[in-house]
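Down below is the structure, laid out as structure tokens.
The values are calculated or read from the model by the stated rules, or taken from the named source; none is laboratory data. The structure displayed is predicted, hence computed values, not measured ones. Every residue, glycine as well, gets a Cβ built from its backbone with ideal geometry; the counts of neighbours run over all protein chains shown.
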Amino acid sequence: MEKTEYNTEEIILKSAITIFHKKGMAGARMQEIADEAGINKAMLHYYFRSKQLLFEAVFKKAFMQLAPQIHQVLNSQDSLFDKIENFAGKYISFVMENRFLPTFIIQELNNNPEFTNQFFSQAEFPKPTHFLLQIEEEIQKGTIRNVNPKQVLIDMFSLSVFPFVGAPLLQKITNSNEEEYNNLLIERKTHIASMLINSIKK
């Protein structure tokens, strides 16, 4: 692929992220994405024949950026508590730049199981084996309570994901404007870690 083609494709993907974030998958139009990218619709279709294919490309790109970061955090030589802090910080920072991603995963799981099953069967997921064993070791040492390691892993993901998936509801409940809610999300980087650590620490 020539450099100019690569640049055009990157511009399209970035423009698609912008429109998908504003309109969602259902509300986004290919013409809007083409306009955002500064190209005509015919050129957009040259690179991506349909909105679904473009959305899948955006999803794959974003997932492949996130997965290695999470894998690195879970399998580093850091202490357990440092890993929990690093996970919350990296995940929330990443999703704040790709807010469509958690909602898209849930939508695709429900609406396009064929694609998600195929993708997930091929994708390299973060492997939490070392992290789960580390929790077991800390339990044996007596530094943390006797907890189910998988529950800790689920807590880390769910507490980080839901504020994005449920953003419209939570923003309404907390009576927060967009700037205030963004500040709450940033604050959650330390809030989640502190809450989880305190919940398992003896």
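Summary of computed values
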item: Pair list, Cβ < 6 Å and 6+ apart or interchain, from region 187-200 residues that are loosely packed, with under 15 Cβ neighbours inside 10 Å to residues that are among the hydroxyl-bearing types (Ser, Thr, Tyr) and at pLDDT below 95; result: none
item: Flag for residue 64 being assigned to a helix (DSSP H, G or I), at pLDDT below 85 and either outside the structural domain of residue 11 (by TED's automatic domain parsing) or closer than 19 Å to residue 20 by Cα (or both); result: yes
item: Unique residue being surrounded by 17 or more Cβ atoms within 10 Å (Cβ to Cβ), within 26 Å of residue 115 (Cβ to Cβ) and of a type in the set (Val, Ile, Thr) when the list is 84, 70; result: 70
item: Residue 138 at pLDDT 95 or above, assigned to a helix (DSSP H, G or I) and not aliphatic (A, V, I, L, M); result: yes
item: Residues satisfying the stated conditions in region 1-60, i.e. in contact (Cβ under 8 Å) with a residue 24 or more places away in the chain and among the hydroxyl-bearing types (Ser, Thr, Tyr); result: 8, 47
item: Where residue 73 falls short, out of the listed (1) part of a loop (DSSP other than H, G, I, E, B); (2) outside the structural domain of residue 24 (by TED's automatic domain parsing); result: (1)
item: Selection status of residue 150, basic (Lys, Arg) and either out of contact with any Ser or Thr (no Cβ under 9 Å at 6 or more places or on another chain) or exposed (fewer than 13 other Cβ atoms within 10 Å of the Cβ) (or both); result: yes
item: Criterion: closer than 16 Å to residue 84 by Cα, part of a helix (DSSP H, G or I) and not β-branched (Val, Ile, Thr) - qualifying residue of 159, 170, 184; result: 159
item: Residue 132 vs. criteria surrounded by 17 or more Cβ atoms within 10 Å (Cβ to Cβ) and of a type outside the set (Asp, Glu); result: no
item: Residue check for residue 76: under 19 Å from the mean Cα position of the chain (by Cα) and surrounded by 13 or more Cβ atoms within 10 Å (Cβ to Cβ); result: no
item: Selection from region 118-128 of residues that are surrounded by 11 or more Cβ atoms within 10 Å (Cβ to Cβ) and assigned to a helix (DSSP H, G or I); result: 118, 119, 120
